[in-house]
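S.K.: Before I ask anything, here is the structure I am working with.
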Amino acid sequence: MKIGISNLKGGVGKTTISQNLAVCLAHMGYKVCIVDTDRNQNSMAWNGARDEELPQILVVGATESSAINKTVDQLHNDNDIVIIDGTPSLSEITTRVILASDLLIIPILPSAHDVRAMQQFFERYEQAQEFRAEIPAYFFINRFSPQIRIHNSIRELLPVQFELPMMESSFRERVAYIETAVEGKGVFEHGDPKAKAEVVAFTKEIMALAQKHRL
């Protein structure tokens, strides 16, 4: 299965989500690879800090749009799951990430600015559908707080406005996500049980979606 984590806007948590999903899947026994499409190569640096005693996750850099699909397909031959860590870019690379994905996860922060910025990404998604009609896509809210009214409003608004479903799971704003990014870990390997539970719920939902779409 090839999972794309993509949004044109920066700072929404694409890399955090990619790394934590990969770690959780690796602990579940899957052979997992991350394709890092961002020129900053944050997932590459994260993997370099990862302890060799932890489950190993291959991270491969692919920053040229013409190489994305070929790289992902080749890695998929040797891995159960390939996670494509998208880049905030208006270039062709975003369309390539969408087309390379069996399942597309669109992270978004619960703010009006992020909702407005979503229009450009959605245009890219519709363009990709001209080449491949069936690209299952789901919104995922990062740094969500159920106590904040606007967060709940956005959670309800997005599926209606863009006609794409919202994942049930979400990540809260927690220090564990910041600490593990520096340490080359996922929160599954951290001491914060609430963060771990969030990632486990997200991963289980991903696998349920894979079964639903027969991926």
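S.K.: Across region 45-72, which residue is least open to solvent (accessible area, probe 1.4 Å) among those that are within 17 Å of Lys31 (Cα to Cα) and not in a loop (DSSP other than H, G, I, E, B)?
M.R.: The extreme case among them is Val72.
S.K.: If you check every pair at least six apart or on different chains, which have Cβ atoms under 7 Å apart with a residue in region 194-209 that is under 20 Å from Ser145 (Cβ atoms) first and a residue that is hydroxyl-bearing (Ser, Thr, Tyr) and surrounded by 16 or more Cβ atoms within 10 Å (Cβ to Cβ) second?
M.R.: Close Cβ pairs satisfying both conditions: Ala195/Tyr177; Glu198/Ser169; Ala201/Ser169; Phe202/Ser169; Glu205/Ser169.
S.K.: Considering Phe144, Phe188, which residue is in contact with a Pro (Cβ under 7 Å, 6 or more places away or on another chain), open to solvent by less than 70 Å² (accessible area, probe 1.4 Å), more than 30 Å from Glu92 (Cβ to Cβ) and of a type in the set (Phe, Trp, Tyr)? Show your work before the answer.
M.R.: Working: Phe188 fails: in contact with a Pro (Cβ under 7 Å, 6 or more places away or on another chain).
Going through Phe144, Phe188 in turn, the sole match is Phe144.
S.K.: If you don't mind, another one. Here is a check on your reading of the model: is Val97 in a helix (DSSP H, G or I), in contact (Cβ under 8 Å) with a residue 60 or more places away in the chain and within 30 Å of Met44 (Cα to Cα)?
M.R.: Details: in a helix (DSSP H, G or I): yes; in contact (Cβ under 8 Å) with a residue 60 or more places away in the chain: yes; within 30 Å of Met44 (Cα to Cα): yes.
When the stated conditions are applied, Val97 passes them.
S.K.: Name the residue, out of Asn40, Asn20, that is open to solvent by 40 Å² or more (accessible area, probe 1.4 Å) and farther than 16 Å from Arg124 by Cα.
M.R.: Values: Asn20 fails: open to solvent by 40 Å² or more (accessible area, probe 1.4 Å).
Asn40 is the lone residue from the list that is open to solvent by 40 Å² or more (accessible area, probe 1.4 Å) and farther than 16 Å from Arg124 by Cα.
S.K.: Testing Lys31 on (1) open to solvent by 20 Å² or more (accessible area, probe 1.4 Å); (2) in contact with an Asp or Glu (Cβ under 9 Å, 6 or more places away or on another chain); (3) modelled with pLDDT under 95; (4) not aromatic (Phe, Trp, Tyr), one condition comes back false. Which one is that?
M.R.: With (1) open to solvent by 20 Å² or more (accessible area, probe 1.4 Å); (2) in contact with an Asp or Glu (Cβ under 9 Å, 6 or more places away or on another chain); (3) modelled with pLDDT under 95; (4) not aromatic (Phe, Trp, Tyr) applied to Lys31, the lone miss is (3).
The values are calculated or read from the model by the stated rules, or taken from the named source; none is laboratory data. It should be emphasised that the depicted structure is a prediction, and the values quoted were computed from it without experimental measurement. Methodologically, a virtual Cβ is constructed for each residue, glycine included, from the backbone with ideal geometry; neighbour enumeration extends over all protein chains shown. Just the protein is used for accessible areas: all its heavy atoms, side chains included, with ligands, DNA and RNA removed. Shrake-Rupley method; radii C 1.70, N 1.55, O 1.52, S 1.80 Å.
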